[in-house]
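The values are calculated or read from the model by the stated rules, or taken from the named source; none is laboratory data. Everything quoted here is computed from the prediction, not taken from an experiment. Here the Cβ is made from the backbone with ideal geometry for all residues, glycine too, and neighbour counts use every protein chain on show.
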């Protein structure tokens with residue numbers, strides 16, 4: 001356990017930040033799953049619509065440094081490629 005007042009405060013802040021970051025990470029995963037579900041549904045137009053909305057979620061979470069910007073770019077690239085492959 002923390003011995004100084006400063007360490008106790010940092011422990012409190014860490015708990016709060018961890019909870020907030022976990023909820024954002026969960027939002028990210030939900031957005032990605034929604035796109036994958038739309039791709040699995042087979043309708044390209046609806047998949048593109050869901051992808052457009054989830055792209056902003058992915059970008060905002062990367063801007064907050066919850067995930068690395070390259071990881072966000074990788075997710076967007078792979079989802080976009082999967083949507084493009086639906087027509088072929």
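Pairing each residue of region 56-67 that is free of Cβ contacts under 8 Å to residues at least 40 places away in the same chain with any residue that is assigned to a loop (DSSP other than H, G, I, E, B), provided the two are 6+ apart or on different chains, yields C-beta distances under 8 Å for 61/67; 62/68.
Identify, from the list 80, 46, 26, the residue that is surrounded by fewer than 16 Cβ atoms within 10 Å (Cβ to Cβ), more than 17 Å from the chain's Cα centre (by Cα) and part of a helix (DSSP H, G or I).
Answer to the check: 46.
Applying a threshold of 7 Å to beta carbon distances and a minimum spacing of six or more residues, or different chains, the list of pairs starting in region 4-25 at a residue that is within 28 Å of residue 68 (Cβ to Cβ) and ending at one that is surrounded by 10 or more Cβ atoms within 10 Å (Cβ to Cβ) and at pLDDT below 95 reads 11/2.
Quick check on this structure: which one of 67, 61 is in a loop (DSSP other than H, G, I, E, B), within 15 Å of the chain's Cα centre (by Cα) and surrounded by 15 or more Cβ atoms within 10 Å (Cβ to Cβ)? Steps first, answer last, please.
Values: 61 fails: in a loop (DSSP other than H, G, I, E, B).
Of 67, 61, the one residue that is in a loop (DSSP other than H, G, I, E, B), within 15 Å of the chain's Cα centre (by Cα) and surrounded by 15 or more Cβ atoms within 10 Å (Cβ to Cβ) is 67.
Applying the selection to region 33-54, what residues are within 30 Å of residue 17 (Cβ to Cβ) and in contact with a helix residue (DSSP H, G or I) (Cβ under 6 Å, 6 or more places away or on another chain)? Answer for region 33-54, where residues must be within 30 Å of residue 17 (Cβ to Cβ) and in contact with a helix residue (DSSP H, G or I) (Cβ under 6 Å, 6 or more places away or on another chain): 34, 35, 50, 51, 54. Here residue 34 does not qualify as in contact (Cβ under 8 Å) with a residue 24 or more places away in the chain and buried (at least 16 other Cβ atoms within 10 Å of the Cβ). With (1) under 15 Å from the mean Cα position of the chain (by Cα); (2) part of a helix (DSSP H, G or I); (3) exposed (fewer than 13 other Cβ atoms within 10 Å of the Cβ) as the list, and residue 9 as the residue in question, which single condition is left unmet? Here residue 9 clears every test but (1).
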